[in-house]
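Written below as structure tokens is the structure these notes are about.
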Amino acid sequence: MLTLTDQAVDVVRGLTQSPEASNHAGLRLAPGEQGLELSVVDAAAPGDDVIEAGGVQVYLEKQASALLEDQTLDANVDGGQVSFFLAAPAGGRAPGA
């Protein structure tokens, strides 16, 4: 199952917990034209796997869930730009490295 770093939890929280957001707002990962697409959504789509970490929700489309099995999602904010990436495993190399 995908896990999130503390930094990723903080970034997802910042993206999903605005006054206008629903209580079920979360980050959704799904296959796109050039890899995985990330979007902020009001709720999970039917069939999504739901990951709850640190009070935030991440929704994974089934194919994305299979691709991200046993991975760790991390995030970085630089100059107001948010980027998500897969963190290197604790004892090894980053996926695809």
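The values are calculated or read from the model by the stated rules, or taken from the named source; none is laboratory data. All of these numbers come straight from a predicted model, not from anything done at the bench. Counting neighbours? That spans all protein chains shown, and the Cβs are built from the backbone with ideal geometry, glycine included. All accessible areas refer to the heavy atoms of the entire protein, side chains included, with ligands and DNA or RNA removed. Shrake-Rupley method; radii C 1.70, N 1.55, O 1.52, S 1.80 Å.
Per-structure values
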read-out	value
Of all accessible heavy-atom area on the chain, the percent that carbon and sulfur account for (1.4 Å)	48 percent
Only Lys, Arg (+1) and Asp, Glu (-1) charged, at Cβ; the chain dipole about Cα centre in debye	120 debye
Under Karplus coefficients 6.51, -1.76 and 1.60, residue-wise ³J(HN,Hα) of the stretch 17-22 in Hz, glycine/proline x	10, 8, x, 7, 6, 6
Pairwise label distance in nanometres, GLU20 with GLU52, each label 7 Å out on the Cα-Cβ vector	2.7 nm
Residue (of LEU27, GLN81, GLN17) at the positive-pole extreme of the chain, dipole from beta-carbon charges	GLN81
Listed values (1) 40, 33, 26; (2) 50, 28, 17; (3) 41, 32, 18, entry calculated as Cα extents along the principal axes in Å	(1)
Accessible area per residue in Å² at 1.4 Å probe, computed on the chain	61 Å²
